[in-house]
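What follows is a set of notes on a single structure, which appears directly below.
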2 protein chains.
Amino acid sequence: MARARLPRRGFLKAAAVGAAAATASGFPAPAISQGLQRWKMATAWPKNFPGLGTGARRIADAITRMSGGRIEVKLFAGGELVPAFEVFDAVRQGTAEVGHTAAAYWTGKNKSFAFFAVVPAGLIAQEHNAWMEYGGGQELWDEMYGAYGLKAFPAGNTGTQMGGWFNKEINGMADFDGLRMRIPGLAGEVINRAGGISVSVPGAEIMTSLQSGVVDAVEFAGPWTDLAFGLHKVAKYYYGPGFHEPGASLELMINAELWDSLDHELKAVVRHACASENQRILSEFTAGNAASLQALIHKHGITPRPFPDDVVSAMRAISNEVIAETAAEGDVNRRVWESWSKFRDQVTALAPFTEQGALNQRDM
Amino acid sequence: MARARLPRRGFLKAAAVGAAAATASGFPAPAISQGLQRWKMATAWPKNFPGLGTGARRIADAITRMSGGRIEVKLFAGGELVPAFEVFDAVRQGTAEVGHTAAAYWTGKNKSFAFFAVVPAGLIAQEHNAWMEYGGGQELWDEMYGAYGLKAFPAGNTGTQMGGWFNKEINGMADFDGLRMRIPGLAGEVINRAGGISVSVPGAEIMTSLQSGVVDAVEFAGPWTDLAFGLHKVAKYYYGPGFHEPGASLELMINAELWDSLDHELKAVVRHACASENQRILSEFTAGNAASLQALIHKHGITPRPFPDDVVSAMRAISNEVIAETAAEGDVNRRVWESWSKFRDQVTALAPFTEQGALNQRDM
């Protein structure tokens with residue numbers, strides 16, 4: 001597949017500061033050959049937002065620190081440099097050198113991008129990472145983003161997300177008839193096919209949309225973020241886990257031309273800053289969710305509950321339809337589906353003998 | 001608690017090569033202030049052993065590459081520089097600058113070290129990492145290893161391990177009466193209290209010990225390593241998951257005096273090399289186990305099975321006794337137990353709404 005090469009934008013040259021002066025010192029070339037680069041990191045999150053904003057900040061700091069100052073990364077919250085949902089194009093076009101977002105946001109460009117973030121009835125974080133690193137996922141991502149002049153790495157995971165906050169009890173699939181729910185992406189399509197109406201609501205308006213009755217239900221992430229938003233103040237019924245986001249992976253994207261220009265040392269710095277945060281953000285969510293769940297139950301009187309089994313199995317059946325349909329959209333889409341679904345089958349067979357089994361032993 | 005300061009061993013000085021020459025070049029001081037350091041990494045694994053040796057090699061390479069050659073790490077397999085079970089003392093004494101092993105190997109020095117690796121009926125990898133990074137685990141580890149002149153970071157995880165290979169069926173606790181099993185550490189103590197006999201067998205002799213009847217059962221890790229060892233050729237019954245290692249964390253240990261001497265850049269390089277591999281080794285095991293389980297079932301006719309529920313619950317009860325007893329061994333041991341068990345209770349309450357719930361939805 002032909003790579004959509006963008007015109008040289010010259011920002012590599014513009015970003016190199018002081019290289020000439022350093023070269024004049026006579027110190028061996030490799031240490032200074034690229035001079036100082038200043039990178040802008042656009043993100044889709046408010047500054048220091050739990051897990052997402054805090055993780056983006058740590059990635060920016062890690063690249064700056066590990067590169068010994070050869071790269072200085074400046075962090076921009078969503079909307080500061082470009083709007084949250086324009087980061088993909090900003091990094092393509094060189095308005096920002098790097099971006100911290102989630103591939104699920106760009107399914108308008110290609111539905112199969114969702115597999116590099118999370119799909120309904122998909123993989124948990126540990127399984128997703130294994131597919132990316134040892135199951136062929138990264139290579140397929142490189143191919144798909146490469147066509148847009150981008151390179152990306154997994155750079156954080158929220159862990160399994162809750163099913164959401166509802167203003168009524170969910171006792172069966174009939175309760176989704178006409179239910180208006182804030183739920184994005186492929187999961188929104190699942191809700192639509194289940195008889196509900198998926199509604200797009202920006203993060204900042206989640207609270208008011210539920211409070212005013214614009215929607216009957218919302219999902220955001222997990223107990224940690226949901227408590228921070230105050231969702232327990234406006235809805236009574238908290239269901240989880242969701243069927244739709246068993247492990248949502250975040251991404252660090254970098255302009256491909258810039259990536260190709262980096263030497264081995266700086267490439268390693270960027271890769272390890274991402275891989276390191278890929279696990280740390282998951283730790284932060286796990287610990288934050290654990291503490292916040294206790295607060296929701298014991299301080300705020302919320303009783304979280306699972307969806308009824310028949311709701312889960314019906315939603316999973318619809319989910320599997322929706323994600324399988326992506327295979328028909330093109331050659332690479334078919335290969336993504338085949339690689340991913342083969343890997344899913346293998347880890348699904350493994351899970352009862354590993355993490356799923358270990359967790360269930362607690363109930364014996 | 002007083003830190004057991006070791007006499008200066010002068011290896012920092014010895015490891016600095018060419019610093020004087022570099023300083024003479026007139027290049028600004030920070031980039032070269034420590035000159036070139038050559039580090040020896042002792043490990044407890046055969047070279048390129050699945051997941052363990054391959055992960056250690058990647059950590060060595062990552063430190064070398066990201067430091068821009070300021071540190072060159074040379075890898076030694078178990079036994080090459082020092083025997084596998086002497087790495088702890090080798091890094092304390094400066095025979096090696098760093099070591100890649102598992103804290104569970106050093107419970108002879110202090111039983112509570114097991115909490116920094118894995119304990120029976122403990123946490124899965126994701127939960128363990130969350131405790132280390134956001135639950136106070138790292139600080140307690142720093143305190144305990146600091147007393148020995150060491151600093152360590154989580155640097156890999158095998159994921160949940162299998163229960164092991166047995167030469168007879170396990171139908172109840174009575175089947176453990178007099179059963180001789182290769183199983184190390186606190187889990188060995190659990191087997192002893194269950195009426196069995198835990199036996200210490202070096203990794204290299206696992207196959208022959210089971211084949212010759214020296215033991216009736218062995219556990220090593222998971223399908224990937226077990227298939228590589230050929231354990232399916234000498235035992236018929238494969239049980240899993242085990243109750244004893246829900247997620248075994250590996251460690252990178254570094255001499256504390258050396259660690260304290262590193263500048264911010266090199267500290268960040270070491271930390272991120274570890275955190276990055278902490279997730280990558282888990283990916284490697286997850287993908288390797290998934291593929292190898294298929295091979296064991298479909299090529300080698302092995303039918304893995306879970307332990308009976310009453311065996312699991314009895315073994316978990318004994319495990320909880322054994323791990324709780326560590327609290328009585330001293331002040332820091334009590335604090336480790338309190339921190340860990342509080343965190344375990346919180347993530348145990350969370351799991352049904354997150355990963356455990358998501359994995360179980362597959363069976364609905």
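The values are calculated or read from the model by the stated rules, or taken from the named source; none is laboratory data. Predicted, not measured: the structure shown is a model, and the values here were computed from it. When we count neighbours, we look across all protein chains shown, and the Cβ atoms used for this are built from the backbone with ideal geometry, even at glycine.
Just the residues that are hydrophobic (A, V, I, L, M, F, W, C), within 17 Å of the chain's Cα centre (by Cα) and not in a strand (DSSP E or B), please, taken from the range B:224-256.
Within the range B:224-256, B:Trp224, B:Phe243, B:Ala248 meet the criteria.
Quick check, is B:Glu189 within 30 Å of B:Ala90 (Cα to Cα), within 14 Å of chain A (Cβ to nearest Cβ) and under 20 Å from the mean Cα position of the chain (by Cα)?
Considered against the rule, which asks whether it is within 30 Å of B:Ala90 (Cα to Cα), within 14 Å of chain A (Cβ to nearest Cβ) and under 20 Å from the mean Cα position of the chain (by Cα), B:Glu189 comes out as no.
Filter the range A:318-340 for residues that are touching a Gly at 6+ places or on another chain (Cβ under 9 Å) and buried (at least 19 other Cβ atoms within 10 Å of the Cβ); which is nearest to the other protein chains (Cβ to nearest Cβ)?
Selected residue: A:Ser319.
For the range A:135-148, state whether one or more residues are over 29 Å from A:Ser212 (Cβ atoms), within 12 Å of the chain's Cα centre (by Cα) and in contact (Cβ under 8 Å) with a residue 60 or more places away in the chain.
no
Just for the range B:102-131: of the residues that are within 20 Å of A:Thr286 (Cα to Cα) and either free of Cβ contacts under 8 Å to residues at least 24 places away in the same chain or away from chain A (no Cβ under 14 Å) (or both), which one is surrounded by the most Cβ atoms within 10 Å (Cβ to Cβ)?
B:Phe115
Among (1) touching a helix residue (DSSP H, G or I) at 6+ places or on another chain (Cβ under 7 Å); (2) closer than 30 Å to B:Arg280 by Cβ; (3) touching a residue at least 40 places away in the same chain (Cβ under 8 Å), where does B:Thr225 come up short?
Failed condition: (1).
Give just the number: which of (1) touching a residue at least 24 places away in the same chain (Cβ under 8 Å); (2) more than 21 Å from the chain's Cα centre (by Cα) does A:Met364 not satisfy?
Only one criterion in (1) touching a residue at least 24 places away in the same chain (Cβ under 8 Å); (2) more than 21 Å from the chain's Cα centre (by Cα) is unmet by A:Met364, namely (1).
Restricting attention to the range A:341-364, report how many residues are more than 7 Å from chain B (Cβ to nearest Cβ) and touching a Ser or Thr at 6+ places or on another chain (Cβ under 9 Å).
Number satisfying all stated conditions: 0.
So B:Val215 fits all but one of (1) assigned to a loop (DSSP other than H, G, I, E, B); (2) within 13 Å of chain A (Cβ to nearest Cβ); what number is the exception?
(2)
I'd like the full set of residues that are within 23 Å of the chain's Cα centre (by Cα) and at the interface with chain B (Cβ under 8 Å from one of its Cβ atoms), limited to the range A:292-311.
Matches in the range A:292-311: A:Leu293 only.
I'm told B:Gly156 meets every condition in (1) free of Cβ contacts under 8 Å to residues at least 24 places away in the same chain; (2) more than 20 Å from B:Pro308 (Cα to Cα); (3) of a type in the set (Gly, Ala, Ser) except one. Can you identify the failing condition by its number?
(1)
Which pairs have Cβ atoms under 9 Å, sit 6 or more apart or on different chains, and link a residue in the range A:60-74 that is under 12 Å from B:Val269 (Cβ atoms) and within 10 Å of chain B (Cβ to nearest Cβ) to one that is among the polar types (S, T, N, Q) and part of a helix (DSSP H, G or I)?
Listed pairs, sorted by first residue: A:Ala62/A:Ser276.
Could you check A:Asp89 against (1) of a type outside the set (Lys, Arg); (2) surrounded by 20 or more Cβ atoms within 10 Å (Cβ to Cβ); (3) without any contact (Cβ under 8 Å) to a residue 24 or more places away in the chain and say which number it fails?
(2)
Hey, can you tell me all the residues within the range B:102-136 that are in contact with a strand residue (DSSP E or B) (Cβ under 9 Å, 6 or more places away or on another chain), under 12 Å from B:Leu186 (Cβ atoms) and either part of a loop (DSSP other than H, G, I, E, B) or of a type in the set (S, T, N, Q) (or both)?
Correct list: B:Ala117, B:Val118.
Report yes if some residue within the range A:215-231 is farther than 22 Å from B:Leu350 by Cα, out of contact with any Lys or Arg (no Cβ under 7 Å at 6 or more places or on another chain), surrounded by fewer than 24 Cβ atoms within 10 Å (Cβ to Cβ) and not charged (D, E, K, R); otherwise report no.
no
Among the residues of the range A:43-62, which ones are over 12 Å from A:Gly288 (Cβ atoms) and not in a loop (DSSP other than H, G, I, E, B)?
A:Thr43, A:Gly53, A:Ala56, A:Arg57, A:Arg58, A:Ile59, A:Ala60, A:Asp61, A:Ala62 - these are the residues of the range A:43-62 that are over 12 Å from A:Gly288 (Cβ atoms) and not in a loop (DSSP other than H, G, I, E, B).
If you scan the range B:33-48, which residues turn out to be at pLDDT below 95, buried (at least 20 other Cβ atoms within 10 Å of the Cβ) and either of a type in the set (Phe, Trp, Tyr) or in contact with a helix residue (DSSP H, G or I) (Cβ under 6 Å, 6 or more places away or on another chain) (or both)?
Hits for the range B:33-48 are B:Ala44, B:Trp45.
Would you confirm whether any residue within the range A:318-340 is farther than 19 Å from A:Ala147 by Cβ, among the basic types (Lys, Arg) and in contact (Cβ under 8 Å) with a residue 12 or more places away in the chain?
No, that holds for no residue.
So if I check each of B:Glu143, B:Glu139, which one is within 14 Å of chain A (Cβ to nearest Cβ), closer than 19 Å to B:Arg335 by Cα and either surrounded by fewer than 20 Cβ atoms within 10 Å (Cβ to Cβ) or in contact with a helix residue (DSSP H, G or I) (Cβ under 7 Å, 6 or more places away or on another chain) (or both)?
Being within 14 Å of chain A (Cβ to nearest Cβ), closer than 19 Å to B:Arg335 by Cα and either surrounded by fewer than 20 Cβ atoms within 10 Å (Cβ to Cβ) or in contact with a helix residue (DSSP H, G or I) (Cβ under 7 Å, 6 or more places away or on another chain) (or both) holds for just one of B:Glu143, B:Glu139, which is B:Glu139.
For the range B:139-154, check the following and say yes or no: at least one residue is touching a His at 6+ places or on another chain (Cβ under 7 Å) and within 29 Å of A:Ala290 (Cα to Cα).
The answer is no, given that none of the residues of the range B:139-154 is touching a His at 6+ places or on another chain (Cβ under 7 Å) and within 29 Å of A:Ala290 (Cα to Cα).
Of everything in the range B:235-291 that's polar (S, T, N, Q) and buried (at least 22 other Cβ atoms within 10 Å of the Cβ), which residue is farthest from the other protein chains (Cβ to nearest Cβ)?
Ranking the candidates gives B:Asn255 first.
Could you tell me whether the range A:298-305 includes any residue that is assigned to a helix (DSSP H, G or I) and either on the phi < 0 side of the Ramachandran plot or in contact with a helix residue (DSSP H, G or I) (Cβ under 6 Å, 6 or more places away or on another chain) (or both)?
Within the range A:298-305 (the criterion being assigned to a helix (DSSP H, G or I) and either on the phi < 0 side of the Ramachandran plot or in contact with a helix residue (DSSP H, G or I) (Cβ under 6 Å, 6 or more places away or on another chain) (or both)), the answer is yes, since at least one residue qualifies.
Name, by its number, the condition in (1) among the polar types (S, T, N, Q); (2) more than 28 Å from B:Asp363 (Cα to Cα); (3) not in a loop (DSSP other than H, G, I, E, B) that does not hold for A:Thr95.
With (1) among the polar types (S, T, N, Q); (2) more than 28 Å from B:Asp363 (Cα to Cα); (3) not in a loop (DSSP other than H, G, I, E, B) applied to A:Thr95, the lone miss is (3).
Step by step: first the residues of the range B:176-199, then only those that are in contact (Cβ under 8 Å) with a residue 24 or more places away in the chain and among the charged types (D, E, K, R), then the one that is farthest from B:Ala104 (Cα to Cα). Which residue is that?
This residue is B:Arg180.
So A:Glu284 fits all but one of (1) closer than 24 Å to B:Tyr134 by Cβ; (2) among the charged types (D, E, K, R); (3) outside any helix (DSSP H, G or I); what number is the exception?
For A:Glu284, the failing item is (3).
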